[in-house]
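The values are calculated or read from the model by the stated rules, or taken from the named source; none is laboratory data. Keep in mind the model is a prediction, meaning the values are calculated, not measured. Here Cβ is always computed from backbone atoms with ideal geometry, including for glycine, and neighbour counts include all displayed protein chains. To get the accessible areas, we keep the full protein, side chains included, count just its heavy atoms, and leave off ligands, DNA and RNA. Shrake-Rupley method; radii C 1.70, N 1.55, O 1.52, S 1.80 Å.
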Amino acid sequence: MMRLAILAAAGLLGGCTLGGNLEISDPDGKPIDGWEEVEPDPDPDTPVDLNNIVAERELDVARVTLHRLNRAEYNNTVRDLLGDTTAPADNFPDDDFGYGFNNIADVLSLSPLHIEMYASTAEALVATALEGGAIASTNQRFEAETVGSAVGSASGSEWNLFSNGVVETVVNFPVAGEYTFRASMRQQAAGPADALSSLTLNGVALQTFTVTATTLTTYEVTANVGAGGQAVGVTFENDYYDAAIPADRNLLIDWFEVSGPVGATGEPSPQRALILTCEDDTPACSSEVIQGFGTRAWRRPLTDEEVTRLTQFVDLAKAEGLGWEDGIRLALEAMLVSPHFLFRVELDEDLDLETAHPISNYELASRLSYFLWSTMPDTELMELAAAGTLQEEATLRAQVTRLLDDPRSVAMVDNFATQWLFIDVIRDFEPDYALFPDFDEELREAMRTETRMFFEGLLDADAPVAELLLANYTFLNTRLADHYGLAAPAGAAFARTPVTTAERRGLLGHGGLLSSLSFSTRTSPVRRGAWVLGNLLCSHPPPPPPGVENLPVETTTGETLREQMERHSNDPACSACHKLMDPIGFGMENYDAIGAWRDTDNAQPVDASGVLPDGTSFTGAAELAPILAADPKFTRCVSEKMMTYGLGRGVERYDEPQLELLLEELGADFGFRDLITEIVLSPAFRMRRGGELPTN
């Protein structure tokens, strides 16, 4: 009953309606906590009259949809609010995508499963924040021959996995936190490869290791784990046996262990002191704790009525025979399941008001921090909002610079670039080992790292947007340099490395992108061409007509893929779209399905020439890239993608005048930081209106 009371008071049970006047009421029709309108902070004193800009330019800033925190935003917010680094939202339902991103408010729905998980997670988060530091770090070791497995047998003090299998046991994690997993193991070598083993949590690999040693060696990985009993295991994944030689590859495990929470000292959690600024059982103390935590959690000050309602949880707890702190915990949990925490709420007294007007300073602080950090505003942003000065142009420019210089701006890589540039798609790519034996997990991760560091470098340096396609450098380690046939940087770590061959300049030469846009057995000029059109030029090709058969994934012996595709695209039903996509894709045919350079395909010379619809001809990606970079559609598309992500909504036809204004302000050769700054300064980012959307 206590948990139901929390959900009801937070506005997630009862007569909930998302829409209309955005009011949530209990079964009796009375408004309940989480949805009453809040007095806006004072109008900003700014030298820029946004209303005049909108009127003179005939701009439409559109209306605002309630924006639920997506999984990344939830994880980052509880990290900064409560010090929790376990990424609990990774277990929530997947976020839907719209316009290429998973932070689009219109598609971030709320399901019953979300509500259930929000409630249980809030309870765990509060308990960990107030108790988590009080437990000391411990080490739990398990002897493999004692744990045993359905596969293999004991061999002295080791367990011999002589076939693919797992040695696994349930481990109790006393609190959520960071834990280190270790295993002592060795291989019995046989065949062309070394043994592969993973340390697993609930059947999911935390990290996969190549076990090269034939004497016992310790392997370890550190990961964030939730509280409770969970299965920890050590797997053997690539058994090999050849009776003719004979040869038998096995994995022998001595022990495995779990240590943590990492850094736990047995002292009270520092979060406790931050949350419980007083601990005396008085109404004044209850109000102080709730207002302090609530201001951070809801990203604006609580009203007196909200504080009064939340302090009633203390009375509720006492009525149930519990203490003051139990009541405070219930209030904290209620705030974490409130729409004011789970959503970025922006409300007006008149929701039908069609006149564009600036959002409040607190709402602007949230828009800014979730754009650049994917998390809640920090103390400085909140102080500027409280002072009513955040809307000032000079202040906003300074804050954009500060936020981008902060390590939390890695969220622009994690959440914007990763989705736009398909950086993480490589994780799902499984090339045919028989055709591409050089591809392994080390190469996969190196490809991800290259593009991540490349974009991060462009952002840090405010490099011209065109450098995304034209940069004469990249970020390599020895493994990736060997794959590309380039000189490796000094040392084993990734480093910015000059590119001495034009074929590897810019994004189109990145192995991760090229692999992600391939099939397991061959390249896909259609995928590559369609991706360039859609993600770099915003000229998405239409889907294929119904009933049109795709080209087989397997290639035909004796023909190049291009020859097969040209025959396929001669079909009148296919030719219109293929004329747009195929020339671009053919320009990247010198890169095979794992992004390695090749001169032949099926023993025939690769033809990487192409002719674009406007008659421009080129050969290879080295000639294609500058053509794309010089196309006005490229810089416009980059701006549209960034604006879509920053606003959390699609850029529609009624936004065209605003996009034109933004590009006019930027001028030529602008950088990513310039682009971000102008988006933040734009009326679309700083204003809103109610009413209906325009129809054209």
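One line per residue, one yes/no per condition, for (1) polar (S, T, N, Q); (2) at positive phi; (3) in a loop (DSSP other than H, G, I, E, B); (4) open to solvent by less than 20 Å² (accessible area, probe 1.4 Å):
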residue	(1), (2), (3), (4)
MET453	no, no, no, no
GLU456	no, no, no, no
ALA490	no, no, yes, no
THR497	yes, no, no, yes
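Scan LEU404, LEU372, LEU381 and give me the residue that is closer than 22 Å to ARG79 by Cα and crowded, with 23+ Cβ neighbours inside 10 Å.
The match here is LEU381.
Among (1) surrounded by fewer than 21 Cβ atoms within 10 Å (Cβ to Cβ); (2) in a strand (DSSP E or B), where does ARG448 come up short?
(2)
Here is a list: ALA127, ALA89. Which entry is small (Gly, Ala, Ser) and at pLDDT 95 or above?
None of the other options fit; the residue is ALA89.
Report whether or not THR121 is of a type in the set (Ser, Thr, Tyr) and either at positive phi or assigned to a loop (DSSP other than H, G, I, E, B) (or both).
When the stated conditions are applied, THR121 does not pass them.
Here are some residues: GLU456, GLU445, GLU467, GLU503. Which one is touching a Leu at 6+ places or on another chain (Cβ under 7 Å) and among the acidic types (Asp, Glu)? Talk me through it step by step, then tell me what you get.
Details: GLU456 fails: touching a Leu at 6+ places or on another chain (Cβ under 7 Å); GLU445 fails: touching a Leu at 6+ places or on another chain (Cβ under 7 Å); GLU503 fails: touching a Leu at 6+ places or on another chain (Cβ under 7 Å).
Of GLU456, GLU445, GLU467, GLU503, the one residue that is touching a Leu at 6+ places or on another chain (Cβ under 7 Å) and among the acidic types (Asp, Glu) is GLU467.
From the set of residues in region 506-532 that are part of a helix (DSSP H, G or I) and small (Gly, Ala, Ser), which is surrounded by the most Cβ atoms within 10 Å (Cβ to Cβ)?
Narrowing region 506-532 to residues part of a helix (DSSP H, G or I): 507-509, 511-516, 525-532.
Narrowing further to those that are small (Gly, Ala, Ser): 509, 511-512, 515-516, 529-530.
On the way: GLY509: 26, GLY511: 26, GLY512: 30, SER515: 25, SER516: 24, GLY529: 24, ALA530: 21.
Top of the filtered list is GLY512.
If I ask for residues that are within 18 Å of GLY294 (Cβ to Cβ), assigned to a loop (DSSP other than H, G, I, E, B) and not small (Gly, Ala, Ser), which ones from region 344-377 would you list?
VAL345, GLU346, LEU347, THR375, MET376, PRO377
Report yes if PHE429 is among the aromatic types (Phe, Trp, Tyr), over 12 Å from the mean Cα position of the chain (by Cα) and under 20 Å from ILE676 (Cα atoms), otherwise no.
Values: among the aromatic types (Phe, Trp, Tyr): yes; over 12 Å from the mean Cα position of the chain (by Cα): yes; under 20 Å from ILE676 (Cα atoms): no.
No; evaluated as a whole, the condition is false for this residue.
Restricting attention to region 277-298, report how many residues are touching a residue at least 60 places away in the same chain (Cβ under 8 Å) and either surrounded by fewer than 19 Cβ atoms within 10 Å (Cβ to Cβ) or over 16 Å from GLY83 (Cα atoms) (or both). Steps first, please.
Kept after step one, since they are touching a residue at least 60 places away in the same chain (Cβ under 8 Å), are these residues of region 277-298: 295-297.
Next cut, either surrounded by fewer than 19 Cβ atoms within 10 Å (Cβ to Cβ) or over 16 Å from GLY83 (Cα atoms) (or both) only: 295.
Of the residues in region 277-298, 1 are touching a residue at least 60 places away in the same chain (Cβ under 8 Å) and either surrounded by fewer than 19 Cβ atoms within 10 Å (Cβ to Cβ) or over 16 Å from GLY83 (Cα atoms) (or both).
Considering every residue within region 133-141, establish whether at least one is modelled with pLDDT of 95 or more and open to solvent by less than 60 Å² (accessible area, probe 1.4 Å).
Yes, the conditions are met somewhere in region 133-141.
Checking the conditions here, which among THR395, THR389 is without any contact (Cβ under 8 Å) to a residue 60 or more places away in the chain, farther than 17 Å from TRP298 by Cα, touching a Ser or Thr at 6+ places or on another chain (Cβ under 8 Å) and open to solvent by 10 Å² or more (accessible area, probe 1.4 Å)?
THR395
I'd like the full set of residues that are open to solvent by less than 20 Å² (accessible area, probe 1.4 Å), at pLDDT below 85 and aliphatic (A, V, I, L, M), limited to region 566-622.
If the condition is that a residue be open to solvent by less than 20 Å² (accessible area, probe 1.4 Å), at pLDDT below 85 and aliphatic (A, V, I, L, M), then no residue fits.
Filter region 300-343 down to the residues that are among the polar types (S, T, N, Q) and not in a helix (DSSP H, G or I), then identify the one that is most open to solvent (accessible area, probe 1.4 Å).
Across region 300-343, the extreme among qualifying residues is THR303.
Can you name every residue in region 604-617 that is of a type in the set (A, V, I, L, M, F, W, C), farther than 20 Å from SER539 by Cα and free of Cβ contacts under 8 Å to residues at least 40 places away in the same chain?
ALA608 - this is the single residue of region 604-617 that is of a type in the set (A, V, I, L, M, F, W, C), farther than 20 Å from SER539 by Cα and free of Cβ contacts under 8 Å to residues at least 40 places away in the same chain.
Please state which of the following conditions THR355 fails to meet, knowing it meets all the rest: (1) open to solvent by 30 Å² or more (accessible area, probe 1.4 Å); (2) within 27 Å of the chain's Cα centre (by Cα).
That leaves (2) as the condition not met.
Does ILE104 qualify as being open to solvent by less than 10 Å² (accessible area, probe 1.4 Å) and out of contact with any Phe, Trp or Tyr (no Cβ under 7 Å at 6 or more places or on another chain)?
For ILE104, the condition - open to solvent by less than 10 Å² (accessible area, probe 1.4 Å) and out of contact with any Phe, Trp or Tyr (no Cβ under 7 Å at 6 or more places or on another chain) - is met.
Of all residues in region 142-172, count the ones that are open to solvent by less than 40 Å² (accessible area, probe 1.4 Å), part of a strand (DSSP E or B) and within 30 Å of GLY266 (Cα to Cα).
The total comes to 2.
Restricting to region 222-233, count the residues that are more than 21 Å from ASN160 (Cα to Cα), open to solvent by less than 60 Å² (accessible area, probe 1.4 Å) and not small (Gly, Ala, Ser).
Total meeting the criteria: 2.
Would you please name the residue that is most open to solvent (accessible area, probe 1.4 Å), looking only at residues in region 178-199 that are part of a strand (DSSP E or B) and of a type in the set (D, E, K, R)? So that I can check it myself, show each step before the final result.
Step one: list which residues in region 178-199 are part of a strand (DSSP E or B), which gives 178-188, 195-199.
Filter once more, so that each one left must be of a type in the set (D, E, K, R): 178, 182, 186.
Working: GLU178: 79, ARG182: 59, ARG186: 62 Å².
Only one residue fits best here, namely GLU178.
In region 482-508, which residues are charged (D, E, K, R) and closer than 19 Å to LEU628 by Cα?
The answer is GLU503, ARG504, ARG505.
Please pick out the residue among ASN250, ASN238 that is touching a Leu at 6+ places or on another chain (Cβ under 9 Å), in a loop (DSSP other than H, G, I, E, B) and under 23 Å from TYR433 (Cβ atoms).
None of the other options fit; the residue is ASN238.
Inside region 294-351, can you point out the residues that are among the small types (Gly, Ala, Ser) and either touching a helix residue (DSSP H, G or I) at 6+ places or on another chain (Cβ under 8 Å) or on the phi < 0 side of the Ramachandran plot (or both)?
GLY294, ALA297, ALA317, ALA319, GLY323, GLY327, ALA331, ALA334, SER338
Spot the failing condition for VAL175; the list is (1) part of a strand (DSSP E or B); (2) surrounded by 20 or more Cβ atoms within 10 Å (Cβ to Cβ), and only one is missed.
Among (1) part of a strand (DSSP E or B); (2) surrounded by 20 or more Cβ atoms within 10 Å (Cβ to Cβ), VAL175 violates only (1).
Kindly establish whether PHE416 is within 18 Å of LEU514 (Cβ to Cβ) and crowded, with 18+ Cβ neighbours inside 10 Å.
No, not satisfied.
Can you work out which of the residues in region 648-671 that are over 13 Å from ALA684 (Cα atoms) and in contact (Cβ under 8 Å) with a residue 60 or more places away in the chain is most open to solvent (accessible area, probe 1.4 Å)?
Taking region 648-671 first, the residues over 13 Å from ALA684 (Cα atoms) are 653, 663-671.
Now narrow it down to the ones that are in contact (Cβ under 8 Å) with a residue 60 or more places away in the chain: 669-671.
Details: ASP669: 131, PHE670: 12, GLY671: 1 Å².
The selected residue is ASP669.
Residue-wise test of (1) among the aromatic types (Phe, Trp, Tyr); (2) within 33 Å of the chain's Cα centre (by Cα); (3) surrounded by fewer than 19 Cβ atoms within 10 Å (Cβ to Cβ); (4) modelled with pLDDT of 95 or more.
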{"site": "VAL211", "(1), (2), (3), (4)": "no, yes, no, yes"}
{"site": "GLU220", "(1), (2), (3), (4)": "no, yes, yes, yes"}
{"site": "PHE236", "(1), (2), (3), (4)": "yes, yes, no, yes"}
{"site": "GLY263", "(1), (2), (3), (4)": "no, yes, yes, no"}
{"site": "ILE275", "(1), (2), (3), (4)": "no, yes, no, yes"}
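How many of the residues in region 62-100 are surrounded by fewer than 22 Cβ atoms within 10 Å (Cβ to Cβ), touching a Gly at 6+ places or on another chain (Cβ under 9 Å) and in a strand (DSSP E or B)?
2
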